[in-house]
Each structure stands twice: as C-alpha cells, then as structure tokens.
Amino acid sequence: RQIDELSPSYRRGVRPSVIWRYPVLDVLNVSIDMTVVGLLGVDEKKQCLTVFIWLVLEWYVDGLSWDEKECGFSRISLLRDTFWVPDIHIREFMEEDKSPKTPYVYLYNTGRVFDDKPIRVVSSCKLGIHSFPFDIQNCTLTFGSYLYFSDHLMLTASTTAAEILNESLKVSQTKTEWELVDIQVTPLSKQVGSGVYAYIVYSLILRRRPILYVVNLILPSIFLVSLDLFSFCLPAQAVDRSAFKMTLILGYTVFLLLMNDLLPVTGNDVPILNAYFSLSFGMMVASLLETLFIVHVHFHSCQFSVPPYWLKVLMLQYVAPVVRLPQIPQKNGPPGTNKFPLCLSGFKDCCIIVYPKELRNLHRDPVDPELNPVHAEMKRLSSELTAICGHLDKRFKESKSSQDWKNIATVIDRLTFYLYLLLCIVSFITMIIVWYKS
C-alpha cells in the first residue's frame with residue numbers, strides 16, 4: 001500500500017517510467033531467461049510441441065529503492081496483482097497455460113524486480129518427418145510484448161544459449177522419445193503497423209531417439225525381405241516356393257498393420273521409411289507373381305507354341321551368361337529317347353513289325369482271323385504300335401518347345417533374383433543417405 005501511494009507509475013497496469021509526458025516514455029529494458037524443465041511430447045498430426053519451461057523476467061524501476069542497512073532487509077515479496085509486470089507472451093501459443101500460478105514477484109532494494117514462473121507451453125511447430133525416425137526438429141518459442149513497441153520496452157537475453165542448454169539438461173526431469181540437443185537464441189525486431197516490436201526467439205533443436213523404431217520397425221522389415229530374397233534358392237518349379245512367398249506377404253501385411261500406430265501421420269510429408277515399406281511390399285508381390293509365372297511355365301509349357309527365335313537368342317545366349325547360368329545343352333530328343341538305339345533314326349522306324357518266318361507269307365494274304373488267330377493278334381498290335389509311335393513323335397516336337405520355354409523361365413528367374421537383390425541394396429543405401437543428410 002505504501003508503494004502504491006508513492007507514484008502512479010508503480011500501480012498495476014501502468015508501466016513505470018521516469019518521463020511521463022505521453023506518448024514520450026523512456027525505454028524499459030527487460031531481461032529474459034528461460035530453462036527447459038521437460039519435453040512433454042511432440043504431436044506430428046497436430047503439428048505442435050508440448051514443453052514445460054521456467055521463465056525469468058528482470059527489470060529495474062528507477063526511484064523505487066531503499067537503504068538495506070536502514071530498513072534491515074534487501075528483498076520483499078509483492079502480489080503480482082498489485083504490481084506492474086511486463087505483458088510478455090509467446091506467439092506460438094496454441095492452448096491456455098495450465099501451469100500452477102505464482103502470485104508473487106520479488107523487489108530488491110536496488111529497484112530490481114525479479115519475476116519467475118513456470119509455464120506449460122503448447123506451441124505450434126512445423127514438423128518435417130521425411131527422415132523419420134532419425135529426424136531432427138526445430139521448434140521456436142518467440143517471446144515479446146503484446147502492447148509496447150521496442151522504443152518503450154526492449155527485450156534482451158540475460159544468458160547465452162550454451163548456458164541455457166547446460167542448465168536445461170541439468171534440471172530436466174523427463175526422458176521421453178525426444179531429447180534436447182541444442183538451443184539457439186536470436187533477437188528479432190518486427191515491423192507491425194507504425195511501430196517495431198522487439199522479440200527474443202528461442203529455437204529448441206529436438207532429436208528423436210530412434211532405437212524403438214529400429215528394433216520394432218526397421219529390423220523386422222529387413223529380416224522379412226531377406227527371407228523372401230533367399231526363397232529364390234527353392235526350386236522354381238516347386239509349388240512350395242509360391243506358398244512360402246504367400247505366407248511371407250501375409251506376415252508382412254500383419255506386421256505393417258500392427259506397427260501402423262508407431263508411424264507418424266501428417267498431410268504434407270511422407271516419411272522415407274513408409275516409402276521403403278511400400279517398396280518392400282511391392283517387391284515381395286512382384287517376386288510372387290514371377291514365381292507363379294515360372295510354375296505355370298514348368299507345368300503347362302507343353303501347351304505353348306514354339307518360342308520366338310529372338311526371345312531364345314536374347315535369353316539363352318545373351319542374358320544367361322550375364323546372370324551366371326551354365327549353358328544348358330540342347331537335346332535332340334525327349335528325355336529318355338537316347339536310351340534306345342533303335343529309335344535314333346526316328347520314331348516311325350521303331351514301329352516296323354518284324355514277323356516270324358512262318359508268319360511272313362500268311363501276312364501277305366488276307367486270312368480269316370478265326371482260322372489264324374496269331375496273325376490277327378499281330379495285326380492288332382501293329383496298329384496300336386503305329387499309334388504309339390505317332391504320339392511319341394508328336395511329344396518329341398512338343399518336348400523341344402517345352403524345354404526351350406523352361407530354359408527361358410530359368411533365365412528369367414535368375415534375372416529376377418539379381419534385380420531383387422540390386423533393388424534391395426539400392427533402396428537401403430538410399431534410405432541411409434537420406435537419413436545421414438537430414
């Protein structure tokens with residue numbers, strides 16, 4: 001009450017000033033200091049940062065002092081409601097401050113006023129998640145006066161960025177997904193209308209701790225893709241290979257659904273990790289389609305027409321050596337025919353019926369089957385063998401075309417394996433480069 005009666009400049013809502021010829025006021029220097037007590041969270045979807053800070057403001061009031069020896073004390077506590085305090089606010093505020101209120105400020109005998117209070121800040125922050133989970137975010141807290149221009153109230157930082165960082169790391173009580181790696185302090189002047197406002201910008205450099213996502217997302221995905229890659233070692237014509245790949249795709253889909261909550265969601269940016277997951281899933285589907293094609297060729301190639309000459313030359317003479325496949329010998333007949341020397345001159349020559357000497361003359365003249373049953377049986381066998389030889393001749397021609405298709409499918413399978421391996425290596429190296437540069 002005695003302070004309030006000294007001068008109207010000390011009353012609440014009136015900025016203290018030696019010069020009282022409005023609008024001419026002297027410049028009041030307010031020093032500001034901030035300590036980050038805890039990082040409460042970062043919301044990528046809402047693009048906001050929640051942090052708990054301790055704000056300290058100091059300024060001098062000219063003429064408001066006393067003799068410490070005479071009065072016996074050097075500091076008194078005053079109710080905030082009865083004393084003028086600067087209207088310092090944070091421009092990035094998104095929600096009302098819900099921190100505990102401090103009702104007092106300290107006044108020293110030299111006229112220095114000390115005001116410290118905790119603030120729970122929910123501020124807007126432009127978050128870029130392209131390099132998730134190795135991303136580094138830069139969130140700013142801009143302190144400034146809401147009412148006074150810089151020629152009436154000037155803000156200055158009382159401590160350096162290094163001191164603020166060391167103190168924040170020392171008093172921090174939280175160990176969340178994010179860690180504070182650096183703080184930058186920048187004074188700023190901004191022209192608004194006819195006046196210039198003074199601001200102090202604190203840039204909080206935050207880095208995500210990636211160990212959770214490496215263990216739960218990246219390593220399982222790499223293991224599943226590697227398992228799908230090594231599945232090419234299974235025989236291409238085996239049905240078990242396609243079933244194995246289907247099981248892997250099903251497992252990978254379930255894995256992505258379970259881990260979906262760990263991936264950040266924004267409308268403007270897509271993490272490189274999401275693109276890697278989509279590429280891995282696409283490669284697994286493509287390898288399954290290739291396996292189905294190979295199985296189809298191996299089981300139905302006998303129904304195909306003769307492969308084009310250019311395709312045979314391209315795959316068997318040029319691509320096969322590139323993919324390190326041994327040259328496959330071209331057989332002149334179906335498998336197993338070389339075991340029978342009598343059939344080397346052709347299938348039809350094998351179907352000549354050799355009659356016993358005593359039946360040769362009987363064979364030239366028609367004989368009643370009832371009178372000569374042996375001749376009738378030999379005639380029936382001759383017709384059946386002729387049909388078998390014709391069928392074998394047709395199969396010989398078909399087996400040559402089928403073998404060409406199978407050889408082409410083997411080359412395609414080996415080529416797909418090398419392309420799959422190359423794509424896996426390139427995508428993984430690209431992802432590491434993006435993370436390193438970010």
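The values are calculated or read from the model by the stated rules, or taken from the named source; none is laboratory data. As the structure is a computational prediction, the values presented were derived from the model and not from experiment. Every residue, glycine among them, receives a Cβ derived from its backbone with ideal geometry; neighbour counts consider all protein chains shown. The area values use the complete protein model at the heavy-atom level, side chains included, leaving out ligands, DNA and RNA. Shrake-Rupley method; radii C 1.70, N 1.55, O 1.52, S 1.80 Å.
With respect to Phe396, determine if the residue is under 29 Å from the mean Cα position of the chain (by Cα) and either modelled with pLDDT under 80 or on the phi < 0 side of the Ramachandran plot (or both). Answer is no for this residue. The set of residues in the stretch 198-212 that are open to solvent by 30 Å² or more (accessible area, probe 1.4 Å) and either part of a helix (DSSP H, G or I) or in contact with a Cys (Cβ under 8 Å, 6 or more places away or on another chain) (or both) comprises Ile211, Leu212. Residues in the stretch 71-93 that are open to solvent by 60 Å² or more (accessible area, probe 1.4 Å), touching a residue at least 40 places away in the same chain (Cβ under 8 Å) and more than 23 Å from Ile200 (Cα to Cα): Asp81, Thr82. Checking the stretch 362-374 against the condition returns a match, with at least one residue being outside the structural domain of Leu292 (by the TED database), assigned to a helix (DSSP H, G or I) and either modelled with pLDDT of 60 or more or closer than 30 Å to Asn274 by Cβ (or both).
If you go through the stretch 163-183 and keep only what is modelled with pLDDT of 90 or more and open to solvent by 60 Å² or more (accessible area, probe 1.4 Å), you end up with Glu163, Asn166, Glu167, Leu169, Lys170. Quick one: would you say Val313 is surrounded by fewer than 12 Cβ atoms within 10 Å (Cβ to Cβ) and over 20 Å from Leu219 (Cα atoms)? For Val313, the condition - surrounded by fewer than 12 Cβ atoms within 10 Å (Cβ to Cβ) and over 20 Å from Leu219 (Cα atoms) - is met.
Each row is one residue, and each column tells you yes or no for (1) in contact with a Phe, Trp or Tyr (Cβ under 8 Å, 6 or more places away or on another chain); (2) in contact (Cβ under 8 Å) with a residue 12 or more places away in the chain; (3) outside the structural domain of Asp43 (by the TED database); (4) among the hydroxyl-bearing types (Ser, Thr, Tyr).
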| residue | (1), (2), (3), (4) |
| --- | --- |
| Tyr199 | yes, yes, no, yes |
| Tyr202 | yes, yes, no, yes |
| Phe223 | no, no, yes, no |
| Leu227 | no, yes, yes, no |
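Kindly check whether there is at least one residue in the stretch 325-337 that is part of a helix (DSSP H, G or I), at pLDDT below 85 and open to solvent by less than 90 Å² (accessible area, probe 1.4 Å). Yes, the stretch 325-337 contains a residue that is part of a helix (DSSP H, G or I), at pLDDT below 85 and open to solvent by less than 90 Å² (accessible area, probe 1.4 Å). Inside the stretch 43-70, residues that are in a strand (DSSP E or B) and either open to solvent by 30 Å² or more (accessible area, probe 1.4 Å) or hydroxyl-bearing (Ser, Thr, Tyr) (or both) make up a count of 6.
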